[in-house]
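The values are calculated or read from the model by the stated rules, or taken from the named source; none is laboratory data. For clarity, every value in this text was computed on a predicted model and none was experimentally measured. Cβ coordinates were reconstructed from backbone atoms using ideal geometry, including for glycine residues, and neighbour counts include every protein chain displayed.
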Amino acid sequence: MPPELHYDPANIDFGNIVADREAIRKVNPQRFEMEQLDAVVLIDTPNKIIVGYKDVRYDEFWVRGHLPGFPLLPGVLMCEASAQLCSYHSMTQHQLAGDFLGFGGMENVRFRSPVKPGDRLILIAKQLKFNRRQTIYSVQAFVKDRLVFNGDIIGVALKRNEG
């Protein structure tokens, strides 16, 4: 059974860019092929919700080999894009005990529909729990109004100089 919506995708204003790729780079450490978030379009502080998107391109590194002739965005990259959205939210809305938010785990993950090059993957995350060392978000991803993925992401505070 699909979960209750955190935010209705029909109400998203994609013309209202809160953070573009350059602004995201100032917060998130991923670069090159691992940058999976194109923009943040909403931060709803009282409701602990953030909305962003990834435009799935035909020239991405996985397209040639992930089902030749029928390229589908790998589920792990949907998870990564969602984690990057959660990281941006945690780093800009809170004081973490680290330099960035690392991927600590996932629970309750469901892939519900394929995502293809040319699609805009809309990402909506709602923060469920936060402390200085760990945070948990419930994430939902859509293509247009179709739910394609949902799950819970666990983020942990990491410091670059600790190894």
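Search the stretch 27-42 for residues being of a type in the set (Asp, Glu) and either modelled with pLDDT under 95 or assigned to a loop (DSSP other than H, G, I, E, B) (or both), and hand back the single one that is nearest to Trp62 (Cα to Cα). In this case the residue turns out to be Glu35. Only one of the listed residues (Ile50, Ile24, Ile17) is surrounded by 11 or more Cβ atoms within 10 Å (Cβ to Cβ), assigned to a helix (DSSP H, G or I) and touching a strand residue (DSSP E or B) at 6+ places or on another chain (Cβ under 8 Å). That residue is Ile24. For the stretch 119-127, the condition holds for at least one residue, the condition being that it is basic (Lys, Arg) and over 24 Å from Met1 (Cβ atoms).
When we screen Lys54, Lys26 for residues that are closer than 14 Å to Ala125 by Cβ and among the charged types (D, E, K, R), the only hit is Lys54.
Against the definition (touching a residue at least 24 places away in the same chain (Cβ under 8 Å), touching a Leu at 6+ places or on another chain (Cβ under 8 Å) and of a type in the set (D, E, K, R)), how does Asp44 come out, yes or no? So Asp44 fails the test. Would you point out which residue out of Val76, Val56 is of a type in the set (A, V, I, L, M) and either crowded, with 16+ Cβ neighbours inside 10 Å or under 27 Å from Arg132 (Cβ atoms) (or both)? Just a single option satisfies the conditions, and that option is Val56.
Based on this model, can you work out whether Phe100 counts as surrounded by 14 or more Cβ atoms within 10 Å (Cβ to Cβ), at pLDDT below 95, in contact with a His (Cβ under 8 Å, 6 or more places away or on another chain) and not basic (Lys, Arg)? The answer is no for Phe100. Among the candidates Ala19, Ala97, Ala81, Ala39, the residue that is under 20 Å from Lys144 (Cα atoms), hydrophobic (A, V, I, L, M, F, W, C) and in contact (Cβ under 8 Å) with a residue 60 or more places away in the chain is uniquely Ala81.
For the stretch 125-163, which positions are assigned to a loop (DSSP other than H, G, I, E, B) and either crowded, with 20+ Cβ neighbours inside 10 Å or in contact with a helix residue (DSSP H, G or I) (Cβ under 8 Å, 6 or more places away or on another chain) (or both)? If the condition is that a residue be assigned to a loop (DSSP other than H, G, I, E, B) and either crowded, with 20+ Cβ neighbours inside 10 Å or in contact with a helix residue (DSSP H, G or I) (Cβ under 8 Å, 6 or more places away or on another chain) (or both), then Lys144, Asp145 are the ones that fit.
Residue-level analysis places Cys86 among those that are outside any strand (DSSP E or B), surrounded by 17 or more Cβ atoms within 10 Å (Cβ to Cβ), in contact with a Phe, Trp or Tyr (Cβ under 6 Å, 6 or more places away or on another chain) and not small (Gly, Ala, Ser).
Residue count for the stretch 108-124 satisfying the condition of being surrounded by fewer than 23 Cβ atoms within 10 Å (Cβ to Cβ), closer than 22 Å to Trp62 by Cβ and more than 14 Å from the chain's Cα centre (by Cα): 9.
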